[in-house]
Structures are given as structure tokens and as C-alpha cells.
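Please read the structure below before turning to the comments.
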Amino acid sequence: MADFWRNSGFHLLEKDPAGRLRVTDDFLRAYYLRPEIHPVEESGDAEVRLHASLMNQPRRSVGEKELEAIEDADVRDNYRVILKFRKKLLEAGTLEGCYRSLFKGPIDVPPMFVDQLAHVILRNVLGGCDDPLRLRAAELFFREQKATIQEGHALLADLETVEMHASGNRYGSIGKLIVEAQGDLGKVDLDVLDRANAALYWERESRHDTVISLTYGRPALDALCRVIEAWVFHFLGTGIQVKPVRKIDEPRWAWHIGLDAESTAILNELWSGAQIEQGRMRNILAIFALQFDDPAAMRTDIRGRTIYLALSCEDGVVKMKPQNLLTNLPLHEA
């Protein structure tokens, strides 16, 4: 089976007996090699010495005196950010433990670090996966997507790739369709991954230049359901079944989880009986029904009821919050 997501840092980590990812010295070193704190030609002696000592002893404590000795104020601040994140990693012991701890209060680490954790944890979760569509769908968990609704098709392309190439000619067709939402789908040569051409992903996954359709009935939407199930089981040990639905048929459903800020807001307003204008309703790209394998794992008052999930775009961008699946599931107190 092909290796994938090598840039996640997964190869720098080790698994504990429970299958969680242990923090290793090499993983910490990868953060010290980030351009924000890696010394450059103009770096002062104190900065160079601190960096060399951390590369040698990645877990060593760093006193305020050492930080203050760094000549560049921006580099000092960058060290504080990375050392604060390192503290969270080391206190948790595993990346999964660190990830969950981030959402127990205000998030005080850069969003990029949160996405990187989701990336490498999913690499662990999907280690045995040989379905390219599932891997491409999983990128929603840690990479923002540009959404286009075109003749009933909900297409997602990697936002960073679209922005980088929208004005160029290498990915001009993707850029034109996704950014301007013009043209006929049948006449634009897009690499929209489907069952027939999914193997393209193996050779191009690090380029983030493939598109998936989250239209109801398309295989990428089912692939996203499988990733959601695997994510929840890995963290919570709770078996769930997720399937796409066209709409929520229950007028007073028991529970919902928005997979992004816009979905949360829309579902909250709908549940409270508010009317939402049609243009905003079109932001909803997909709705899912979630059932627990064991209803006894649910909160007693809604045991056995369906949980509804929604994924939306806002201003044409999907910013998924996979942590909502961990923090908002109605689990039994036990």
C-alpha cells in the first residue's frame, strides 16, 4: 500500500500500546526547524546558542533570561509561542491527548498548530486505508476548502492551491471554475476525483490539486462519512454510523452538531424556529444522520435518537472544525 501524507510528521512519531501517538524528540525538533525560529545569517549569538541546545536536548527547560537574551523581539515572541505549545504536548504525552486538551478552554495556540495535529492524528487513524477518496475527504479536517455550487454540484478544491494558481495557467481551469464559478462543468477539464480515477491521488496528494464532489450520492460524500466514524472511534472508542441525508425530516430533532461555525449557527437558528433566507441556506453543502452503535453510550434523555450533522461554506470557504465531533457528541455521563 502506498505511503501518504509524509509531510504530516507521522514518521517522526511512535505509537503507545493504545495506538496513540507519543511525543518524540524528533517531532519536537521539527518545530525548532520552522522558519519562524530557525537561525538565519543575521541571528545573534544568544539565538544561535539556544537553538543549538534545543536541537540537542529538545525537552530542556528554557528560562525567561535566555529568551530575553535573544536580540530579535519577533524571534523571542515566536519562541514563546512554540515553547508554550511544547509544554502542552509534553504535559499531554500524546498528540491525541494534546489535541483534546486544546478545546477545554479558549484556544491559545496558532490555528496552524491545531490543523497540524489533526493532520498527523488522521494519518494515524487512516494508516490502513487504501481508499484515495477517503484520504482526500479527510483533508477537510485540516485544510480549508473553496466551495463552488455549479449546476447542483457541490465541488470542493483546496483553498490554498486555488488562491496560489487562480491567476496562473497551470491550474487555470480549477481557478476559473472555483473562483469565478463560471463555465459548464461538462466542458471544463477538472480533476474531480471519483471512483474511476481515484488512483490519481496517490501520485498527487502532496500537491493538493484534486477536487471532490460532496453532492448527495457521490462517493466522496460517503468517504467523508467513513472518516468521521473513524475519527470519533479513535478518540472516544464509540462506534457510530454516519450517512448523508437530503434534509432533516424531524421538525424537533433531538441533537445536532455543526461541523463548522456557519453550520452551527444555521442549525441553532432552525432548531429554535427561525426563518433563514434562501441564499444563506444554500451555504449548507451536506447534511448527515448519525446513529450510535450502542444507544446506551448516549445521554439518557435522547437515547436512540438521530444526531444530525451539517457541513457548510461561508463566503465560499469551508472551515471544518473536527473538534466539534469530540466536544459536542451527547455521550452518557459514565
Run down Arg143, Arg123 and say which single residue is under 13 Å from the mean Cα position of the chain (by Cα) and part of a loop (DSSP other than H, G, I, E, B). Arg143
Of everything in the stretch 1-17 that's in contact with an Asp or Glu (Cβ under 9 Å, 6 or more places away or on another chain) and without any contact (Cβ under 8 Å) to a residue 60 or more places away in the chain, which residue is farthest from Lys88 (Cα to Cα)? His11
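Inspect all residues belonging to the stretch 320-332 and state whether any of them is more than 20 Å from Phe141 (Cβ to Cβ) and either modelled with pLDDT under 95 or in a helix (DSSP H, G or I) (or both).
yes
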Arg59 on the phi < 0 side of the Ramachandran plot, touching a residue at least 24 places away in the same chain (Cβ under 8 Å) and either of a type in the set (Lys, Arg) or open to solvent by 80 Å² or more (accessible area, probe 1.4 Å) (or both): yes
What number goes with the only condition from (1) closer than 28 Å to Leu329 by Cα; (2) charged (D, E, K, R); (3) touching a residue at least 40 places away in the same chain (Cβ under 8 Å) that Glu160 does not pass? (1)
Residues of the stretch 293-334 being of a type outside the set (A, V, I, L, M, F, W, C), buried (at least 18 other Cβ atoms within 10 Å of the Cβ) and more than 30 Å from Arg280 (Cβ to Cβ), in sequence order, are none
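Within the stretch 168-183, does at least one residue satisfy the condition of being closer than 30 Å to Asp77 by Cα, at pLDDT below 90 and either small (Gly, Ala, Ser) or touching an Asp or Glu at 6+ places or on another chain (Cβ under 7 Å) (or both)?
Initially, the stretch 168-183 is screened for residues closer than 30 Å to Asp77 by Cα, giving none.
No, the conditions are met nowhere in the stretch 168-183.
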For Asp72, the lone unmet condition from (1) open to solvent by less than 90 Å² (accessible area, probe 1.4 Å); (2) under 25 Å from Gly128 (Cα atoms) is (2)
Output the qualifying pairs, or none if there are none: Cβ atoms under 6 angstrom, residues six or more apart or on different chains, first residue in the stretch 26-46 and under 21 Å from Glu68 (Cβ atoms), second residue among the polar types (S, T, N, Q) and in a helix (DSSP H, G or I). Glu36/Asn78; Ile37/Asn78
If we keep only residues of the stretch 246-263 that are within 23 Å of Gly316 (Cα to Cα), assigned to a loop (DSSP other than H, G, I, E, B) and without any contact (Cβ under 8 Å) to a residue 60 or more places away in the chain, then the residue least open to solvent (accessible area, probe 1.4 Å) is Lys247
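Give the number of residues within the stretch 215-232 that are open to solvent by 10 Å² or more (accessible area, probe 1.4 Å) and not acidic (Asp, Glu). Steps first, answer last, please.
Narrowing the stretch 215-232 to residues open to solvent by 10 Å² or more (accessible area, probe 1.4 Å): 215-219, 222, 226, 229-230.
The next check asks that each one be not acidic (Asp, Glu); those that pass are 215-219, 226, 230.
So the count comes out to 7.
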Taking the stretch 15-27 and keeping only residues that are over 21 Å from the mean Cα position of the chain (by Cα) and either closer than 12 Å to Arg86 by Cβ or among the acidic types (Asp, Glu) (or both), one is left with Asp16, Asp25, Asp26
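What number of residues within the stretch 265-282 satisfy the criterion of being without any contact (Cβ under 8 Å) to a residue 60 or more places away in the chain, under 24 Å from the mean Cα position of the chain (by Cα) and more than 30 Å from Thr238 (Cα to Cα)? Before you say what the answer is, go through the steps one by one.
Within the stretch 265-282, the subset without any contact (Cβ under 8 Å) to a residue 60 or more places away in the chain is 265-281.
Subset that is under 24 Å from the mean Cα position of the chain (by Cα): 265-268, 280-281.
Subset that is more than 30 Å from Thr238 (Cα to Cα): 280-281.
Looking only at that region, the number is 2.
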With the checklist (1) at pLDDT below 95; (2) surrounded by fewer than 17 Cβ atoms within 10 Å (Cβ to Cβ); (3) not in a helix (DSSP H, G or I) in hand, flag the one item Thr148 doesn't pass. (2)
For Ile212, which of the numbered conditions (1) open to solvent by 40 Å² or more (accessible area, probe 1.4 Å); (2) at pLDDT 95 or above; (3) over 20 Å from Ser8 (Cα atoms) fails to hold? (1)
Quick check on this structure: which one of Arg86, Arg49, Arg22 is open to solvent by 30 Å² or more (accessible area, probe 1.4 Å), touching a Leu at 6+ places or on another chain (Cβ under 9 Å) and at pLDDT 95 or above? Arg22
Among the residues of the stretch 122-145, how many are open to solvent by 10 Å² or more (accessible area, probe 1.4 Å) and either among the hydroxyl-bearing types (Ser, Thr, Tyr) or within 17 Å of Leu259 (Cβ to Cβ) (or both)? 5
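The values are calculated or read from the model by the stated rules, or taken from the named source; none is laboratory data. Bear in mind that the values here come from a model prediction, so they are computed numbers and not experimental data. So basically every Cβ, Gly included, is an ideal-geometry build from the backbone, and we count neighbours across all protein chains shown. Please note that ligands, DNA and RNA were not included when accessible areas were found on the heavy atoms of the full protein model with its side chains. Shrake-Rupley method; radii C 1.70, N 1.55, O 1.52, S 1.80 Å.
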